[in-house]
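Inspection log for the structure reproduced underneath, given as structure tokens.
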Amino acid sequence: MYKPLSFTASALLFSAFSYAGDSEDLRALLSGVQTYQADFVQRVTDERGNLIQESTGEISLLRPQKLFWHVETPEENTLIADGKTIWLIDPFVEQATAIDQSASVESNPMVLITSERDEDWKQFTVSKSEVGYLIESNSQQAQISALEISFEGKKMDGIVLHDRTGQISKVSFNKIEQNIDFAPSRFVFTLPDGFTLDDQR
């Protein structure tokens with residue numbers, strides 16, 4: 001939790017060192033997870049707590065820099081981060097959008113979970129929470145203001161995304177498997193026949 005501005009300089013200095021230590025602790029915890037796979041349930045609520053949407057899907061992670069996020073219901077869509085590009089695939093409109101991954105961490109801190117790049121982590125402040133870690137953006141322009149990661153032991157069992165509009169996206173993971181072998185081909189995207197490409201790189 002942040003200290004009030006009225007605290008002494010020494011208290012602020014101690015706080016800064018605490019955050020730096022929290023960041024290193026989280027990075028060390030995540031670095032022990034070379035692969036991760038789980039099903040998820042995602043609930044999105046507005047600033048008043050009203051449920052906007054509930055979705056289900058699956059997630060796969062491969063360090064470094066690779067993320068597969070597939071929403072199955074209510075409408076299928078997929079995000080693939082292959083280390084260089086983030087691909088957003090919408091089969092309903094048969095379109096894929098390509099975004100430069102290194103430039104998108106600020107707007108999508110989920111990618112931070114697989115990142116080993118110091119320049120990515122420097123965009124955020126990390127502090128411990130009751131259930132895990134709170135990752136807050138250092139930019140006032142970032143759409144996602146904070147990302148919470150919860151753990152059960154050394155297993156990531158949930159995340160919460162807070163955006164600037166007050167929406168909260170809570171994701172619970174189940175059927176979790178860590179450090180198992182799986183095909184890296186799920187992080188490779190090839191534009192399907194009939195799809196259009198919106199290349200924003």
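The values are calculated or read from the model by the stated rules, or taken from the named source; none is laboratory data. What you see is a predicted model; the values in this text were computed from it and never measured. Don't worry about glycine lacking a Cβ; one is built from the backbone with ideal geometry, like all the others, and counts go over all protein chains shown. Surface areas here come from the heavy atoms of the whole protein model, side chains and all, with no ligands, DNA or RNA. Shrake-Rupley method; radii C 1.70, N 1.55, O 1.52, S 1.80 Å.
Which of the residues belonging to the range 66-82 are among the charged types (D, E, K, R), surrounded by fewer than 16 Cβ atoms within 10 Å (Cβ to Cβ) and within 30 Å of D181 (Cβ to Cβ)?
E72, E76 - these are the residues of the range 66-82 that are among the charged types (D, E, K, R), surrounded by fewer than 16 Cβ atoms within 10 Å (Cβ to Cβ) and within 30 Å of D181 (Cβ to Cβ).
Among the residues of the range 88-103, which ones are open to solvent by 10 Å² or more (accessible area, probe 1.4 Å) and among the small types (G, A, S)?
Residues satisfying the conditions are S102, A103.
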- Write out, first by first residue and then by second, each pair whose Cβ atoms fall under 8 Å of each other, whose residues are 6+ apart or on separate chains, and whose first residue, in the range 48-62, is touching a residue at least 60 places away in the same chain (Cβ under 8 Å) while the second is charged (D, E, K, R) and open to solvent by 60 Å² or more (accessible area, probe 1.4 Å). S60/R186
- Selected residue (criterion: farthest from T85 (Cα to Cα)) from residues of the range 25-65 that are open to solvent by 60 Å² or more (accessible area, probe 1.4 Å) and assigned to a strand (DSSP E or B): L51
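Among the residues of the range 104-146, write down those that are aliphatic (A, V, I, L, M) and open to solvent by 80 Å² or more (accessible area, probe 1.4 Å). Walk me through it before giving the result.
We begin by selecting, within the range 104-146, every residue aliphatic (A, V, I, L, M); these are 105, 110-113, 126, 131, 134-135, 142, 144, 146.
If the condition is that a residue be aliphatic (A, V, I, L, M) and open to solvent by 80 Å² or more (accessible area, probe 1.4 Å), then V131 is the only one that fits.
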